[in-house]
Amino acid sequence: MNARRLGFAATLSAFALAWLFWLGYPATPGVAQDKAPAKAATKFEYGTVMVYHGKHPQWTTAKDDMEGKSWADLAKKLNVPLKDQPDELKARVIVLDHLGSQGWELASFAPVDTARSYDLYIFKRVAP
């Protein structure tokens, strides 16, 4: 092997060892290192809002399942105080704000099927 290739291999090996060290692997293979005890895995609960044709939002969790004729109707079923009769866009924001205040975090949003026109919002929060 010529000197140039040997230098590249040494540099690559040093980089690989630095990367493994950064990831927390032992500096010397086969030698145990002092490590902090493993943390318990965080448990989450999940909820979904399915919206058909921009209407009839349905909130579903493992414990609850409720459907509204509109976002404002779903807000009422979730016991969200509404000052007046908001339009659908404002009612959607009010419901999403309420879910956020309950610890729910939007994990994903996807238009599931554009032909049938329904959207899926997936929420998660730390399980109580």
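Selection of region 52-66 for residues being assigned to a strand (DSSP E or B) and at pLDDT 90 or above yields Pro57, Gln58, Trp59, Thr60, Thr61, Asp65, Met66.
Return a yes/no flag: does region 106-114 have any residue that is of a type in the set (A, V, I, L, M), modelled with pLDDT under 85 and assigned to a loop (DSSP other than H, G, I, E, B). Checked region 106-114: no residue is of a type in the set (A, V, I, L, M), modelled with pLDDT under 85 and assigned to a loop (DSSP other than H, G, I, E, B). In region 87-105, the residue that is modelled with the lowest pLDDT out of those that are touching a strand residue (DSSP E or B) at 6+ places or on another chain (Cβ under 9 Å) and not small (Gly, Ala, Ser) is Glu88. Out of (1) surrounded by 15 or more Cβ atoms within 10 Å (Cβ to Cβ); (2) without any contact (Cβ under 8 Å) to a residue 40 or more places away in the chain, the odd one out for Thr60 is which? In the conditions (1) surrounded by 15 or more Cβ atoms within 10 Å (Cβ to Cβ); (2) without any contact (Cβ under 8 Å) to a residue 40 or more places away in the chain, Thr60 misses (1) alone.
On the stretch given as region 67-86, residues that are exposed (fewer than 14 other Cβ atoms within 10 Å of the Cβ) and either of a type in the set (A, V, I, L, M) or at pLDDT below 90 (or both) total 5. Put simply, of Ala32, Ala14, Ala10, Ala18 the only residue that is at pLDDT below 85 and in a loop (DSSP other than H, G, I, E, B) is Ala32. In the set Ala40, Ala91, only one residue is of a type in the set (Gly, Ala, Ser) and out of contact with any helix residue (DSSP H, G or I) (no Cβ under 8 Å at 6 or more places or on another chain); that residue is Ala40.
The values are calculated or read from the model by the stated rules, or taken from the named source; none is laboratory data. Owing to the predicted nature of the structure, the values given are computational and were not obtained by experimental measurement. Because the Cβ atoms are built from the backbone with ideal geometry, glycine has one as well, and the counts that use them run over all protein chains shown.
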